[in-house]
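A.B. asks: Quick one: the structure is below, questions incoming.
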Amino acid sequence: MRLSQFHLATVKEVPADAEIDSHKLMLRAGMIRKLAAGLYTWSPLGLRVLRKVEHIVREEMNRAGAVEMLMPSVQPRELWEETGRWEKFGGQLLKIKDRKEQEFCYGPTHEEVVTDFARNELKSYKQLPVNFYQIQTKFRDEIRPRFGVMRAREFLMKDAYSFHLSPESLAETYEAMYQAYTRIFTRLGLKFRAVQADTGAIGGNASHEFQVLADSGEDAIAFSDGSEYAANIEKAEALAPTIARPAPCANLQRVDTPRVRTVEDVTAHFGISADRVLKTVLVRGKQGLVALCLRGDHEINEVKATKLAELPDESVLASEEEILAAVGSRPGFIGPVGLPDSIPVIVDRSAAVLADFVCGGNANDTHYTGANWERDARITRIEDIRQVVAGDPSPDGHGTLHMARGIEVGHVFQLGQKYAEALDATVLDDQGKKQVMWMGCYGIGVSRIVAAAIEQRHDDAGIIWPEAMAPWRVAVCVINPKNAPEVHAAAESLYNELTARGIETVWDDRGLRPGAMFADMELIGIPHRVVVSERGLAAGTLEYRARDAADSSAITRDQLFEILG
Ligand code: ATP
Ligand code: MG
Ligand code: MG
Ligand code: MG
């Protein structure tokens, strides 16, 4: 590519809302431009990188036996009603109406559409297993779109869905996808970890996330130095078997406090006499230790509060009956107080009897007052709640636990029969009997990978692309102050030869001053730079510098081709 014929538009200033390095650098390099919150245009430069990622993802999916297709991004409400997700999916689902007032959504994911396709297309076990994939635009109305394309509303995803006659077959394809993902992120040149993920509300047997390691990552991951154990913190915490899911609490009021962890802290910071504090429980939240303490405020509740406090420490109240017998009320729980990063803790108590607790807390050392017991919550045991902290023994018993931050770039999931059951997607087995199919799903955030790579690989001057993702591998820069025809001709011939050898090269023929030209090439992260100048021509050399090297060196053409392989 001759740069004079391209559209390169680097900029010096970036908007103040660009918080993390990858977002700033993508804007400065002119890879993306914001259209509206969470909506970005990919410039010609940005698109070159995006296509590189796409290409590797496609190659490895094909190699793993998946077959590509393309589904519509606009999906009818009726289909989502069949799985119950029209309501359940929540605010991320962008609902739209056509001119006939028919309702649709803009697809945040494609389980419904692909299962509909499968129930119509797949009739016999002989057609299984099969793994369909697409690379396509998704829309999720994220509450807080941020960090540019990292958490956008419209983004590019590779999503695959496999169909099987048996759970064993599903496990095989799941393993194949796990391996394919490992190859993809290795080829992309990224530092990553595959971690066990919380299967959350969807349930299912197995789920792994692929996390690119970066300090700015939104996820916290835990891994062992003595085994393969690696998990998203959510999952690591879920090992304490029954930490509850979030549920709203009424009357919450936020109070900023220094970290509160013990009964003494509680009495000091909230002025509650120690004998009125039931218990403090420490758990680990996404962002640090969470202190939770419970206190009964209402006189009428004191009796029951005392009863709970009087329970021996090792007591296990596993059922509603046991709780009723011990405390004299129905079970309830004190929840996560609506904080996205706080960890809910369940205590077996009744929603009806206790109110106005002090609870919660997170890395910002905030606590909440006024939390109430909830009815119809899950039951658990206080004893189940445990901390997961760096330095602990790994939950699998091998090695020590470490913590790191990660960016979720891929997610594989054994869905089981949930969607196939809901949509009645069946095939006939070898006995001619109808069987509901088993399903897996496998996502990759193609556009997020671009930002994640930059987050992991940059310096003060700009992006440092891994070779596999660079918009071009080589930049040919010409220093030609007097417009000497032989310098121009030498640059052109080098460019032509590189191109003829299949090496993607950009020739900076814009006639900029060397400083500005080099700054641009560093900012946009081209792995190899060669400078053609009058002086070099006279000496028979080129000035070469690798993007991640401190210095440049004088080399011959042949040496250059050797370096580029
Ligand atoms: P997150 O936890 O970051 O919200 P998710 O778990 O909701 O992601 P999945 O449903 O697992 O996402 O989708 C598959 C992949 O799509 C994710 O692993 C991620 O790489 C990518 N992805 C999800 N949401 C976004 C987004 N808002 N912007 C860019 N990429 C996204
Ligand atoms: Mg999400
Ligand atoms: Mg996630
Ligand atoms: Mg996910």
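A.B. asks: Over region 1-154, what lengths in whole Å, largest first, do the semi-axes of the equivalent ellipsoid take, defined as the square roots of 5 times the eigenvalues of the alpha-carbon gyration tensor? It would help to have the intermediate numbers written out before the result.
C.D. replies: Details: eigenvalues 231, 105, 33 Å².
For region 1-154, the semi-axes come out at 34, 23, 13 Å.
A.B. asks: Right, something else. Find how much the distance from E87 to H55 grows on full extension, using 0.36 nm per residue of separation minus their present alpha carbon separation; answer in nm with one decimal. Let's see the in-between values first.
C.D. replies: On the way: separation 32, 0.36 × 32 = 11.52 nm, distance 3.57 nm.
In short, 8.0 nm is gained.
A.B. asks: Any idea what Rg and Dmax come out to for region 423-522 if you just take the C-alpha atoms, in Å?
C.D. replies: Every Cα atom of region 423-522 included, Rg and Dmax give 25.1, 83 Å.
A.B. asks: Give me the extension gain from F561 to M403: residue separation times 0.36 nm, minus the current Cα-Cα distance, reported in nm with one decimal.
C.D. replies: Values: separation 158, 0.36 × 158 = 56.88 nm, distance 4.24 nm.
In short, 52.6 nm is gained.
A.B. asks: Quick query: amide H of G410 versus all other amide H atoms, modeled in the peptide plane; which residues come in under 5 Å with a sequence gap of 5 or more or a different chain?
C.D. replies: Under 5 Å from the amide H of G410 lie the amide H atoms of F210, G445, each far enough along the sequence or on another chain.
A.B. asks: Report D for region 102-238 in µm² per second (integer): Stokes-Einstein, Kirkwood Rh on Cα pairs, 37 °C, 0.692 mPa s.
C.D. replies: Rounded, D is 189 µm²/s.
A.B. asks: Probe of 1.4 angstrom, ligands and nucleic acids ignored: what's the accessible area per residue over region 28-180, in square angstrom?
C.D. replies: With the other protein chains kept in place, region 28-180 gives 46 Å² per residue.
A.B. asks: Please turn the phi angles of region 83-89 into ³J(HN,Hα) values with the Karplus equation 6.51 cos²θ - 1.76 cosθ + 1.60 (θ = phi - 60°), one per residue in order, whole Hz, x for glycine and proline.
C.D. replies: Result, rounded to whole Hz: 9, x, 8, 4, 8, 5, 5.
A.B. asks: Net charge near G445, counting Lys/Arg +1 and Asp/Glu -1 over other residues with Cβ under 14 Å of its Cβ?
C.D. replies: Local charge sum for G445: -3.
A.B. asks: Another one. Measure off 7 Å from each Cα along the Cα-to-Cβ vector at E228 and T182, then give the distance between these two points in nanometres to one decimal.
C.D. replies: According to this spin-label approximation, the distance is 0.7 nm.
A.B. asks: How big is the accessible area of E421 in square angstrom, nearest 10, if you roll a 1.4 angstrom probe over the protein chains?
C.D. replies: For E421, the solvent-accessible surface is approximately 120 Å².
A.B. asks: In region 146-189, what is the volume of the convex hull around the alpha carbon atoms, normalised per residue and reported in Å³?
C.D. replies: Here the figure is 99 Å³ per residue.
A.B. asks: Turning to a different aspect of this structure: Would you work out which of P145, Y161, V130 lies farthest towards the positive end of the dipole of region 71-191? Charges go on Cβ: Lys and Arg +1, Asp and Glu -1.
C.D. replies: Farthest towards the positive pole: P145.
A.B. asks: With unit charges on the beta carbons (Lys and Arg positive, Asp and Glu negative) and the dipole taken about the Cα centre of region 439-564, which residue among G443, P481, A516 sits farthest to the positive side?
C.D. replies: G443
A.B. asks: Still on this structure, I have one more. Leaving ligands and nucleic acids out of the surface, order F210, F104, F132 by accessible area at 1.4 Å, largest first.
C.D. replies: F104, F132, F210
A.B. asks: List, in order, the whole-Hz ³J(HN,Hα) value for each residue of region 507-515 obtained from phi through the Karplus relation with A = 6.51, B = -1.76, C = 1.60 and θ = phi - 60°; use x for Gly and Pro.
C.D. replies: Per-residue couplings from phi come out as 9, 7, 9, 7, x, 7, 5, x, x Hz.
A.B. asks: Where Rh denotes the Kirkwood radius from the mean inverse Cα pair distance, what is Rg over Rh for region 387-430?
C.D. replies: That ratio equals 1.30.
A.B. asks: Using the Cα centre of region 1-152 as the reference point, and only Cβ charges (+1 on K/R, -1 on D/E), how large is the resulting charge dipole? Debye, rounded to the nearest 20.
C.D. replies: Computed charge dipole of region 1-152: roughly 620 debye.
A.B. asks: What do you get when you divide the Cα radius of gyration of region 471-511 by 2.2 N^0.38 Å, with N the number of residues?
C.D. replies: 1.15
A.B. asks: Whenever you get a sec, line up T186, T426 from highest to lowest accessible area (probe 1.4 Å, protein heavy atoms).
C.D. replies: Order by accessible area, largest first: T186, T426.
A.B. asks: Quick check: the distance between the Cα centres of region 470-507 and region 540-559, to the nearest angstrom?
C.D. replies: Spelled out, the Cα-based centre of one part sits 14 Å from the other.
A.B. asks: Normalized C-alpha radius of gyration of region 521-565, against 2.2 N^0.38 Å?
C.D. replies: Details: Rg = 10.6 Å, N = 45, 2.2 N^0.38 = 9.3 Å.
Normalised by 2.2 N^0.38 Å, the Cα Rg of region 521-565 equals 1.14.
A.B. asks: Which three extents, in angstrom, do the Cα atoms of region 55-113 have along their principal axes, listed largest first?
C.D. replies: Projected onto the principal axes, the Cα atoms of region 55-113 cover 42, 24, 18 Å.
A.B. asks: What number in nm² do you get for region 463-536 if you take the convex hull of its Cα atoms and divide its surface by four?
C.D. replies: So the mean shadow area of the Cα hull is 4.7 nm².
The values are calculated or read from the model by the stated rules, or taken from the named source; none is laboratory data. In this text the structure is predicted, and so the values were computed from the model without any measurement. No Cβ is skipped: glycine too gets one built from the backbone with ideal geometry, and neighbour counts run over all protein chains shown. Surface areas here come from the heavy atoms of the whole protein model, side chains and all, with no ligands, DNA or RNA. Shrake-Rupley method; radii C 1.70, N 1.55, O 1.52, S 1.80 Å.
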